[in-house]
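The values are calculated or read from the model by the stated rules, or taken from the named source; none is laboratory data. On a predicted model such as this, the values are computed, not experimentally measured, just so you know. Neighbour counts are summed over all protein chains in view; Cβ atoms, including those assigned to glycine, are modelled from backbone coordinates with ideal geometry.
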Amino acid sequence: MTEQQVRVRFAPSPTGPLHIGGVRTALYNYLFARKHGGQMILRIEDTDSHRFVPGAENYIIEAFQWLGIEFDEGVHIGGEYGPYRQSERREIYKKYVDVLLQSGKAYIAFDTPEELTAKREEIKNFQYDATTRNLMNNSLTLPKEEVERLIANGNNYVVRFLIEPGRDVIVNDLIRGEVVINSSVLDDKVLYKSVDELPTYHLANIVDDHLMKITHVIRGEEWLPSAPLHVLLYEAFGWADVAPSFAHLPLLLKPEGNGKLSKRDGDRLGFPVFPLEWTDPKSGDVSSGYRESGYLPEAVVNFLALLGWNPGTDEELMSMDRLIELFDLNRCNKSGAKFDYEKGRWFNHEYILHMDNASIAPQFIGLMSSEGVEVTTEQAITVIDLMKGRVNFIPELVPMCRFFFVAPVEYDGKTVKKRWKADSPTLMGELADFLEKMEDFSSENQEKEVGAWIAKNEYHLGNIMNAWRLSLVGEGKGPHMFDISAFIGKDETLRRMRRAIEVLPRKEA
RNA sequence: GGCCCAUUCGUCUAUCGGUUAGGACGCCAGGUUUUCAUCCUGGAAAGAGGAGUUCGACUCUCCUAUGGGCUACCA
């Protein structure tokens, strides 16, 4: 193949929210395009008027914006090869359908859906092809006048691709190598339907890819069986020498059990299968999204990139730029990957860990606010720094950080039983008095002075710290003790300690 | 049923004829720590089965099994 500008496309059907498998396909297209300095196109394949779902197109666009997958041309930004919505390209397809009809590479068929269903019941393994097309109502069996009369009378018809049987069709796949299929097993696919004057996927896809100068078709494995048909279509149009290269990606499978990943698996196992939350316009059902679940887009991208591809080294944490640098279709796997959402959680954890505290702050502040706790940016940054290593998702910080801002009302029973000893009230009283006199209430100074105080009095470190933690947090967990007291300040620290002494049970020695 | 694709630890994967079959997630055990986490160290854990080809196969070929996809006037 001669050197040419790389152009790839992602071409979803607006039938609902974008599935996570589709996101991965788009990501691979994007990585490939960027890697080769090429263009990435978003085309909407809405040739099935029955399955159109309002809002789906906007959802798709918003999802890619969130994920950081950018397009160079597309339905939302235009470009010189538009329109990018197939329903707006009717005239174009009609023209190419006629080309096929005139050259005898396609024919008109009048069989109704009912007749076809009947045929399928009548003949085992019925397929509309060279062995059966002479039994059907089409322009090959009917006299020319009859065909013209039927059309003139407004009968619905379809245009079918005439497939010559008995030849091996070779699909050259960049991931799988040569795939050979005999044309005899292919059926005369419907390319166009008069009822809505729209082509089917196959015709529209080939025409658009050609007209939009697509060089590489990177799509899911579910398209592999129809790839020979597409090869034949390129041939029929005389475009074989400029046909794009194919790469069929392995599928994303259920985490457990068999089959491909579906929406139900997400509901059942508790992880999202869509990038953004989606509310079904008909049923009102809400499906959770990665964004709303607290995933960082960078983590989702990184995780998805490694499901079916790897750089050949042990490197796992990669930014989009790094992925672009390393991506290679030759390193894509052939076999389906079970969707390992546990690892997705880990990726998110790693990204939170490495993320700048200030960029997490706005989301954190918003989440706290909706819980009725107002937090300043400065406070948020401090608390996030202390706590982010403990969570996989940002929303998990909310219940965990509440005590920084709100004094405990109740105390965890188990911790009280274990950590609040007979001498705890006395010790806490002494510690409170000691802290009250402290000038420098920074974490570092507290640590130094309290440490010395404990040593001087020969107290048991754990006894002091655990009881103290219980009185400030209400539980036996949390970050470094002195960071907590320093954050909430001297007054609040003393207040919480004295309340604990008052409220918590006195125990016998 | 027919056609096509695939098959290395539980999972994601490395290996492109000669390796103690490597890494990561998860799991288990230690360690650090005032707590809970984090973190660190260590551990268990794999070539579907059978024939070939070869001095030598995880790696190449074939068969079987298993899994997956497609088989619409859906994409």
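Some notes on this structure:
- Residues within region A:310-356 that are under 21 Å from A:Pro250 (Cα atoms) and within 7 Å of RNA strand B (Cβ to nearest atom), tallied: 13
- Among the residues of region A:191-245, the ones that are within 13 Å of RNA strand B (Cβ to nearest atom), of a type in the set (Asp, Glu) and either farther than 25 Å from A:Gly82 by Cβ or buried (at least 18 other Cβ atoms within 10 Å of the Cβ) (or both) come to 4 in all.
- Within the set A:Val53, A:Val8, the sole residue that is of a type in the set (A, V, I, L, M, F, W, C), surrounded by 14 or more Cβ atoms within 10 Å (Cβ to Cβ) and assigned to a strand (DSSP E or B) turns out to be A:Val8.
- In the set (1) at pLDDT below 95; (2) touching a helix residue (DSSP H, G or I) at 6+ places or on another chain (Cβ under 6 Å), the condition left unmet by A:Gly78 is number (2).
- Entry remark, region A:252-278: residues being crowded, with 19+ Cβ neighbours inside 10 Å and acidic (Asp, Glu) number 1 in total.
- Qualifying positions in region A:14-24 - under 12 Å from A:Phe64 (Cα atoms) and assigned to a helix (DSSP H, G or I): A:Ile20, A:Gly22, A:Val23, A:Arg24
- Members of region A:253-283 that are within 18 Å of A:Asn58 (Cβ to Cβ) and either part of a loop (DSSP other than H, G, I, E, B) or not hydrophobic (A, V, I, L, M, F, W, C) (or both): A:Pro275, A:Leu276, A:Glu277, A:Thr279, A:Asp280, A:Pro281, A:Lys282
- Near pairs, Cβ below 6 angstrom, 6+ apart or cross-chain, from region A:35-48 (touching a residue at least 40 places away in the same chain (Cβ under 8 Å)) to any residue that is aromatic (Phe, Trp, Tyr) and in a strand (DSSP E or B): A:Leu42/A:Phe10
- Hits in region A:56-83 - residues which are touching a residue at least 24 places away in the same chain (Cβ under 8 Å), in a helix (DSSP H, G or I) and either farther than 24 Å from A:Trp309 by Cβ or among the basic types (Lys, Arg) (or both): A:Ala56, A:Glu57, A:Tyr59, A:Glu62
- Unmet criterion (only one of (1) surrounded by 14 or more Cβ atoms within 10 Å (Cβ to Cβ); (2) under 19 Å from A:Pro14 (Cβ atoms); (3) small (Gly, Ala, Ser); (4) at pLDDT below 90) for A:Ser283: (1)
Residue-by-condition table, conditions (1) among the charged types (D, E, K, R); (2) within 33 Å of the chain's Cα centre (by Cα):
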residue	(1), (2)
A:Tyr157	no, no
A:Asn172	no, yes
A:Arg176	yes, yes
A:Asp196	yes, yes
A:Ala204	no, yes
A:Leu224	no, yes
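One line per residue, one yes/no per condition, for (1) farther than 21 Å from A:Leu27 by Cα; (2) of a type in the set (Phe, Trp, Tyr); (3) assigned to a helix (DSSP H, G or I); (4) in contact with a strand residue (DSSP E or B) (Cβ under 8 Å, 6 or more places away or on another chain):
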position: A:Pro311; (1), (2), (3), (4): no, no, no, no
position: A:Met318; (1), (2), (3), (4): no, no, no, no
position: A:Leu323; (1), (2), (3), (4): no, no, yes, no
position: A:Met368; (1), (2), (3), (4): yes, no, yes, no
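- Considering residues of region A:461-490 that are over 19 Å from A:Asp433 (Cβ atoms) and not in a helix (DSSP H, G or I) only, the residue farthest from RNA strand B (Cβ to nearest atom): A:Gly474
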